[in-house]
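Contents: one structure, followed by commentary.
The values are calculated or read from the model by the stated rules, or taken from the named source; none is laboratory data. The shown structure was predicted, so the numbers you read here are calculated from the model rather than taken from an experiment. Here the Cβ positions follow ideal geometry from the backbone for every residue, glycine too, while neighbour counts run over all protein chains shown.
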Amino acid sequence: MSKRFPLILIGACALFVFVFMTNDSQAISQADVTKILKGNTTLIKSAPPAIVPQVRVLGEQKSYTTYNATRPEFPFLNFDHKGIQISAPKSRDIYVVSFWTNVVNGTTPAGAPWAENPVVTTNAEGVYDPAHPDWGKFYFVPKGTMRTFNYTVKSDTSKMFAGVYKSRIAGLTFTDQASFSGSWYSYSFSSPQTNATTIIGEKSPYITSFNDAASGNPKDTFVVGEKMLIKGQRLNLTSVYIDGVKDPTAHVVFPSADGSSMYYFVGNLSVGQHYLVLENNTYGKSNAHYFQVTASTATPIVISNVSVDNLADGDLDPGPGITWPTKLQKTIRWNASNIPAGKGLKYKTTFYTMPPGALRPVVGNGRVILATPTTGTTTVTDIISPQFTPDLLAKNYDWKMRVQLVNADGYTPYLVDGREVVAYSTGTFKVKNSTNIIPTIVTRLVSTSALNDNGSGTGGHDVGSFSIVFDVTASGQDVYLDGDVVATATPSTGTDGLAWATTTNSTNGVGGSSSAILNSSSVVVGDVNTPGAISFKIAKDTTRRFTLRVAIDAEARTSSAGVRLRGLKWDIDSGDNHANLFNLNLDSFKTNNILLQNVETPASILPSLVSVSAENNDASQILAGANDMGTYRIVFDITAFGSGVYIDGDVIKNGASVIPVGHDGAIWGTTTNSTNGIGTSTWAVLESSSVDSDDVTTANSLSFKIDEGDTRRFTLTVAINASVDALAGVRLRGIKWDTNSDDNHANLYTDNLANFKTNAITLNNDGGRMAANNSAPLADRSKPIAKRPSQLASAWQAFQNFLVRIAVGK
């Protein structure tokens, strides 16, 4: 059996290798790769039963994304495989070399050019082969023991295909001695998959294969000058690098419109192996693909440059579909050898404009120019008037002319020794506008974020906080960006303001209330801050940073929600009617999706005790026959949850062990250790330390309003006139409340009120004793009243209490 090598990434952590398995591939460890490089490789064998370890995967298997500071638009995809328990046989030590990991996109096995170094944590001891201590580390599991491994891999999503990814640990490679010269064994086992994570996908170019230009079959060996067919993804708008050096664009035949293929003429390279990389200036470089160059025995073709004369400055008129003025006449001189006469051959030209860093094919290119082919120099004069797009502004542009020799039909390539005859010319021209320069804007995504504030919405459901940070550059002249914000998935020139919507993979009909605002990181003279007519000024050739902030309240349903920027309204004046809509290349201006749960928090109250007090006015010490009066205060706070609530402000007495809901008002009673039958000569009042405009102050229908999440302080004051000698205290038995201000407060709160009580104090009924003994003195006159200030104070307090009783009608 021949050995097949899967796509692997050698980790920096000892010998652990991140291996993505396909159905017919075999895992190769770092150590095995090292042996391959040193020419000392053997096949990994299936493990014999006597040394097969026991493997259990008991920890969390998880996939998730993390922030990529270098390229925020491409978060890292992480696979966490935790709790991999490996037990060695009772009679044999084993040494773990590597793990295999199976990753699928949907149900399709996925390759791994995008995986970065794995990280392994373990309680196993690391040991080395004494003969090769620099080759890597083995992880030692002594016989009859168990060791635990955690395995994490981070992946670069900018290089990944779009899809839904899962991963699982599929097997391991191990040996029974810490040696690179011994036998190595593979062992497969089943384990749970991670959760699925959706990846938007890579945007950089990706090379799938090199192929024969004629047959389209895969091919990896070429000769100098041969045309190579490159297949892959996103191959348009790219530059070619050979062995790390940018190759002249004269060797590139421009790619297909969908970017799935392109041709490359192998340059004057040395015989041997070379590698090719494609780079997109916005999204980065492709994977490297290797090919061989061999010596050619074919007759060489002289491919010369094309000389283009009279490529002067061009004047532009404003508006779309601008035509390059016909005064720009091109004289093309063609020089190629070995071209036969008399075949009706033609030259097919293709003209491209290239603002620095971006190739833009011109609309209407590929004109066929008739020529009389001769051996030597051919001169053709033609007027080319290609259509420019509106973003071709007054600046310098690169141009590229490609001329191909074709047959009489005007499109079939004419071949010499089986090879096409193509020549190129490049240069620079300046486009200017003498009447009106076309203004435009350019956008650049900076970062996005999506956060769940976990239950801060009305009623306790989640609110998602989304932000999209982006730069806008004004080109041509000053512009004004509309600062109003509207939610619409189909922006139009008639839409007012910046347009946003939920992402395409958000839950359909997210619903719920939302709010959005556009802010700038700077303030510029000329900004308009009038609500409903906000405009941000961006001076010509300057850049301003903006942040779109959107809050989505999951009040309608539990949803998966993200936010995307759909369009920007702008104009050259600050009026609210911004006439231009920019909605190009905004696909990446969107956040990740997050889960927003619609979990309502029911309305409720939570009282908390602040303080209690109990005072005796000692009335009998001032006036013989006067009963003592106890004044009791319970101070407490109440917090409202779920919604605003109303606290019943009426006060009633009930000493029952079970308080019925039908009672009106706050309920109090004497404490359990108060004297039984203390009497009924009492009064009570509930007061708040604050005032709310929604309070109800009607007598016998009092209500105190507390807004959701707010706390309000109350004081229950009770006065007890001692109709009998008594030991008396007061406790709060219940609080009536509701979500409306009606006097019939439907809810009774009685939980956790055991500590809402005062101390018990002694109250004397001197009036009772006076009735039994009419000769008793009214007061102790042995001491002047002026010498009894405390008694005077108590008497004054009793008088005040009497007045309060009259005021409250108790």
Quiz item: Considering THR543, THR558, which residue is modelled with pLDDT under 85, surrounded by fewer than 23 Cβ atoms within 10 Å (Cβ to Cβ) and of a type in the set (Val, Ile, Thr)?
Solution: THR558
Quiz item: How many residues, within region 529-557, are part of a strand (DSSP E or B) and either in contact (Cβ under 8 Å) with a residue 60 or more places away in the chain or not small (Gly, Ala, Ser) (or both)?
Solution: 15
Quiz item: Can we say PRO72 is in the same structural domain as THR194 (by TED's automatic domain parsing), surrounded by fewer than 17 Cβ atoms within 10 Å (Cβ to Cβ), touching a strand residue (DSSP E or B) at 6+ places or on another chain (Cβ under 6 Å) and closer than 30 Å to ILE207 by Cα?
Solution: yes
Quiz item: Right, LYS143: out of contact with any strand residue (DSSP E or B) (no Cβ under 6 Å at 6 or more places or on another chain) and either in the same structural domain as PHE189 (by TED's automatic domain parsing) or part of a strand (DSSP E or B) (or both) or not?
Solution: yes
Self-check item: Conditions (1) more than 41 Å from the chain's Cα centre (by Cα); (2) surrounded by 19 or more Cβ atoms within 10 Å (Cβ to Cβ): number failed by SER183
Solution: (2)
Quiz item: Residues GLU687, GLU708: which one is surrounded by fewer than 18 Cβ atoms within 10 Å (Cβ to Cβ), in contact with a strand residue (DSSP E or B) (Cβ under 6 Å, 6 or more places away or on another chain), modelled with pLDDT of 80 or more and part of a loop (DSSP other than H, G, I, E, B)?
Solution: GLU708
Self-check item: Index of the failed condition, GLY83 passing every other in (1) out of contact with any helix residue (DSSP H, G or I) (no Cβ under 9 Å at 6 or more places or on another chain); (2) at negative phi
Solution: (2)
Practice problem: Restricting attention to region 128-162, report how many residues are free of Cβ contacts under 8 Å to residues at least 40 places away in the same chain and surrounded by 15 or more Cβ atoms within 10 Å (Cβ to Cβ). | Solution: 0
Quiz prompt | Test set (1) within 17 Å of VAL469 (Cα to Cα); (2) modelled with pLDDT under 85; (3) over 27 Å from the mean Cα position of the chain (by Cα) - ILE538 fails condition number | solution = (2)
